[in-house]
Structure formats: structure tokens, C-alpha cells
Amino acid sequence: MSKIVDFYKKHLAGLNKYWLVTILFLAVTFLVGDSNLYNRYKYDEKIHFLENEISRQKKEIEQNKQKIQELKTDREGLERFAREEYLMKKESEDIFIVDE
């Protein structure tokens, strides 16, 4: 116990006790626990990543809605889609599959 008292008298005696308690409180608040600064930074990065992912998914949804609308209205587009995606063909055609 005397080491703590000696440390206090040597280094902290000039500080006001209220400032000391305030500094310790802030240190514990920002550096220890679930909401410390490092965790908050990680959470902010994750939030930013997820917001970007949400906007990317919304754009992809809009593109898919446009494709679906085109397939519902355009018969030639539907035929082209079936040929490309499901490798369908007409009777007089041959299909060559090239893997890249």
C-alpha cells in the first residue's frame, strides 16, 4: 500500500482530486469495456461496409427488375436469355461452349 501512497505523493499530489477522478473516469470509459474507442472504430467500419453493401444490393435489385421487365415484354430478349443461360437451341443450330 505504501507504493501507491508514494506514487501519489510523488506524481499526483499536485493534481486536484476531482481532476484525477475525472481523468480516471474518462480513461476507463474510453479504453476499457465494450464501447472502448477501438471497438467503436471497428463498429463504424462495419457500419460503413454494410451501408455500401446495401446500396450495391439495391442497385443490383433495380437491374434485375429491369431485366425481368424486359423478359416479360420482349420475346426476342426472352429467347436470347434462354439460349445464353440454359443453353437452349433451335433444331437447326449447334452450340459450342467455351470456358474461359
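Annotations
- Distance from the range 1-21 to the range 49-67 (C-alpha centre basis), Å: 58 Å
- Summing charges over all other residues whose Cβ lies under 13 Å from the Cβ of residue 43, with Lys and Arg as +1 and Asp and Glu as -1, gives -1.
- Placing +1 on each Lys and Arg Cβ and -1 on each Asp and Glu Cβ, with no other charges, gives the chain a dipole about its Cα centre of roughly 1260 debye.
- Farthest towards the positive end of the charge dipole of the range 36-88, among the residues 43, 69, 81, is the Cα of 43, using unit charges on the Cβ of Lys, Arg, Asp and Glu.
- Sorting 85, 70 from the fewest to the most surrounding beta carbons within 10 angstrom yields 85, 70.
- Residues residue 80 and residue 100, FRET efficiency given R0 of 30 Å [Cβ-Cβ distance, rounded to 0.05]: 0.90
- Crossing angle, helix 37-73 versus the chain [Cα axis fit, 0-90 degrees, rounded to tens]: 10 degrees
- FRET efficiency for residue 23 and residue 45, using Cβ-Cβ distance with R0 set to 35 Å, rounded to 0.05: 0.80
- What the Cα atoms of the range 1-78 give is an Rg and a Dmax of 28.8, 90 Å.
- Max mean-square fluctuation residue, GNM over the chain, Cα-Cα springs under 10 Å, options 46, 90, 67: 90
- Compared with the dominant principal axis of the Cα atoms in the chain, helix 75-86 is inclined by about 70°.
- Proximal lysine pairs, the chain, alpha carbons under 27 Å, eight or more residues apart or interchain: 15
- Ellipticity estimate at 222 nm from DSSP helix runs (n ≥ 4, -39,500 (n - 2.57)) divided over the chain, nearest 500: -23500 deg cm²/dmol
Bear in mind that the values in this text are calculations on the coordinates, not laboratory data. Fair warning: this is a prediction, and the values are worked out from it, not measured in the lab. A quick note on method: Cβ atoms are made from the backbone with ideal geometry, for glycine too, and the neighbour counts reach across all protein chains shown.
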